[in-house]
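This report refers to the structure that appears directly beneath it.
The values are calculated or read from the model by the stated rules, or taken from the named source; none is laboratory data. Predicted model only: the values in this text are computed from it and were never measured. Calculation scope for accessible area: heavy atoms of the full protein, side chains included, ligands and nucleic acids excluded. Shrake-Rupley method; radii C 1.70, N 1.55, O 1.52, S 1.80 Å.
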Amino acid sequence: SDDLINLYNNAYVKLQGFHTAYGEDAKIYTIEEVLEQVKLHIAGSTEEEDKRLVYLRFIREFKAKNVKEFKRIAKLPMKARTGRSPVASKKTTMKGNSLIFMKSPYKLEFYKVQADKKIEPLTFIQAAELFEANYNEPSLALPDYHHEHIKLAENNFEKELLATTSDSISGSTSDAVTNQAKKFVRERRAESTDEKFRESATALIELLESGAISILPVELKKLKAKYDKNQINKHQAENMIMVFAIKYTNASRDEETTADELSSELPIEITQKPEIIISETFTL
């Protein structure tokens, strides 16, 4: 009966989709399930979720039927890159554009860098559809502008990581969020033996109590949400608290801090270049 309706495989793919999307930590159906450590899930429509399952099914079936090739692909080095023809790939709208997947310990991003140098962030599904290629599509030499596009994406990645949000809160909501932020920072400070971090945490608590930086509670609320969902670990949360302490302490003193000055004070993991996982550039 399973051969007729493919029940086992359909159930497996659906459950694996839950693991990938929600980061569950227990195998609930079969020992074959893979518990994801890196989450590519981005909230979206039911249609997008269905597409994720289509890709998941494809990978599972490809692995089962092409074990040797699957292992070869898995061993490919990072920074894999290639040139593509917008005509041969049937992606004519990508003419002169680049696709880039990069990540750091703090976030991962998919970017499309357009021929006019504009940068567009992509969801996982949008990126997967553009990266997708037929096995017989020929690869091309990298166009000269490929490296320029990579640099633009790297700069955008770093800018977003250290950017200041425009979100703000007020009234009783502000008080509640501020109190949660102070509690979060105090707990991290109490757990740490790193004196530099403890000093940063103390400075941040003082800023929260003074109310000098209205957007700081929002920033910490977002950080706490990532920490609670295990999207970042304790060490990463501490590093980001240090980022906020340096950035907003200077801001409260009306001091301008250059990017180089800020980088010199931050943990090395924050300021290191993001890792390029895969990239490709379409010819003109």
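Any idea what the relative contact order of region 90-144 is, in percent, if you count C-alpha pairs under 8 Å spaced at least 6 apart?
Details: 50 pairs, mean separation 13.5, N = 55.
So the answer I get is 25 percent.
So which of 117/151; 159/222; 90/118; 151/196 end up more than 20 Å apart, counting from Cα to Cα? Provide the component values of the computation, followed by the final result.
Details: 117/151 11 Å; 159/222 17 Å; 90/118 22 Å; 151/196 32 Å.
The answer is 90/118; 151/196.
So what does residue 283 come to for accessible area, using a 1.4 Å probe and Å² rounded to 10?
40
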